[in-house]
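A short write-up of the structure that comes next.
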Amino acid sequence: MSSALVFFTDLSAAPGKAQRELLTLASRFGTAVVAAATEISAEAREAIAGYGIGTALQAANPGRGFGEHELAVLDAALQHTDADLVLLGNDSFSRELGARIAVRRNAAIVTDVIDVSAELIATKDELAGSYTASAKSTTGVLIAAVKPNSIEDAPAGSAGTVQVTDLVLGDAAAPKVSIVAVEEKVASERPSLSEARVVVAGGRGVDGDFGPLEDLADALGAAIGASRAATDAGWISHDAQVGQTGVTVSPQLYISAGISGAIQQKAGMQTSKYIIAVNKDVDAPVFDIADLGIVGDLAKVLPQAAAEIRRRRA
Ligand SMILES: Cc1cc2nc3c(=O)[nH]c(=O)nc-3n(C[C@H](O)[C@H](O)[C@H](O)COP(=O)(O)OP(=O)(O)OC[C@H]3O[C@@H](n4cnc5c(N)ncnc54)[C@H](O)[C@@H]3O)c2cc1C
């Protein structure tokens, strides 16, 4: 029977939905152990017990760092158990952590996992769910970063008790990098990208100038989105990336400007209710899914649209 170690960066409060899904998945294996890089709160202990898991390992958080503490805790937890499966979240921090422990332990990592079978075969989504792939580790421990909403949360029903052990971390856990300054991001007046009713998104065609998009977004009360080409170019923050490896949006109106409409971009916006595309190339794939297509230069089209919206609202 396989043994699963489920790792959480923070269990100082009651586990959230995605964490509960990981606990459900872990509880399907012969032995399941929880490890956390923080102290495990009373609410979290109760929740863990609810999944029939009786063993947990914890280590207090030394503060903000670049993941050395979490890496040391996960490494120590692996030494403490004989797990052949490690379950992690699929957020970027956890995936990076998984990659680091995989290198350290010569283990295998699979991300975007939606299930792991009793035979330790991980099923994962490919190309934004267009198809699935099954993967098995050929080199020891399987590290699986599990996507939220993939596993149905199902506590065992019979709550026992959890024995929590403090992990002792060696000097190796001491942070190699210390943060000397932190600058909080200036909060935008705009609605958040994932919740906005209107999104104005720009791509490579913006050519470094998001000014016309910001002006149109101001006129519409919209959020600003972007293609990966635009975020990779450094023209706008990575938070604004819409698509397979960015944010998924489903607004009432999505205005795509200077974006060709690659499959990875479509994966994050094609469920928008109404799509307007502005592109100077009449053959751009984005026109295949647009409700309204405007063939033209965005630098000319967007200011006209913003001016007309303001004129009508005046
Ligand atoms: C694993 C993987 C994950 C990815 N994830 C994402 C993702 O999450 N999101 C994403 O967006 N991409 C993603 N990509 C990248 C994706 O494949 C495309 O490369 C990217 O979306 C292209 O961005 P773009 O449309 O802005 O640029 P381009 O494809 O270069 O298109 C630019 C468009 O702008 C038009 N244009 C140029 N000038 C103007 C102008 N003045 N006025 C109007 N139109 C103009 C051009 O005609 C062209 O159609 C991913 C790729 C991979 C391999």
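Bear in mind these aren't lab numbers, they're just calculated from the coordinates by the rules spelled out. In this text the structure is predicted, and so the values were computed from the model without any measurement. Virtual Cβ from ideal backbone geometry, glycine too; neighbours counted across all protein chains shown.
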*Find, among the chymotrypsin sites (Phe, Trp or Tyr not before Pro) in the range 12-90, those assigned to loop by DSSP (not H, G, I, E, B) with at most 15 other beta-carbon atoms within 10 angstrom.*
Phe66
*Calculate one ³J(HN,Hα) per residue across the range 98-108 by plugging θ = phi - 60° into the Karplus curve 6.51 cos²θ - 1.76 cosθ + 1.60, and present them in order as whole Hz with x for glycine and proline.*
x, 5, 5, 6, 5, 5, 4, 9, 6, 9, 9
_Assuming a strict under-15 Å limit between Cα atoms, what lysine pair count do you get for the chain once near-sequence pairs (fewer than 8 apart, same chain) are dropped?_
4
*In the range 119-226, GluC sites (Glu not before Pro) in a DSSP loop with at most 15 other beta-carbon atoms within 10 Å*: Glu119, Glu152, Glu183, Glu184, Glu189, Glu195
_Longest site-free stretch - the chain; sites: trypsin sites (Lys or Arg not before Pro), DSSP loop, at most 11 other Cβ within 10 Å_ = 65-175
_Explain nothing, just the number: relative contact order of the chain, from Cα pairs under 8 Å at least 6 residues apart, as a whole percent._
14 percent
*Quick one: Cα convex hull volume of the range 17-115, Å³ per residue?*
106 Å³
*What shape does the range 248-308 have by the C-alpha gyration tensor, where a ≥ b ≥ c are the square roots of the eigenvalues, rounded means a/c under 1.5, and otherwise prolate means a/b greater than b/c and oblate the rest?*
oblate
*According to the square roots a ≥ b ≥ c of the eigenvalues of the Cα gyration tensor, what is the shape class of the range 3-173, taking rounded for a/c under 1.5, prolate for a/b larger than b/c otherwise, and oblate for the remainder?*
oblate
*Bridge type composition, the chain - antiparallel percent by DSSP, nearest 5*: 15 percent
*Specify whether the C-alpha gyration tensor of the range 198-313 places it in the rounded, prolate or oblate class, a ≥ b ≥ c being the square roots of the eigenvalues: rounded for a/c under 1.5, otherwise prolate if a/b is larger than b/c and oblate if not.*
rounded
*Give, to the nearest whole percent, the P(r) tail of the chain beyond 36 angstrom, counting all Cα pairs.*
34 percent
*asked:* Roughly how far apart, in whole Å, are the Cα centres of the range 249-264 and the range 140-212?
replied: 24 Å
*Note down the net charge around Gly202, summing +1 for each Lys or Arg and -1 for each Asp or Glu among other residues with Cβ under 10 Å from its Cβ.*
-2
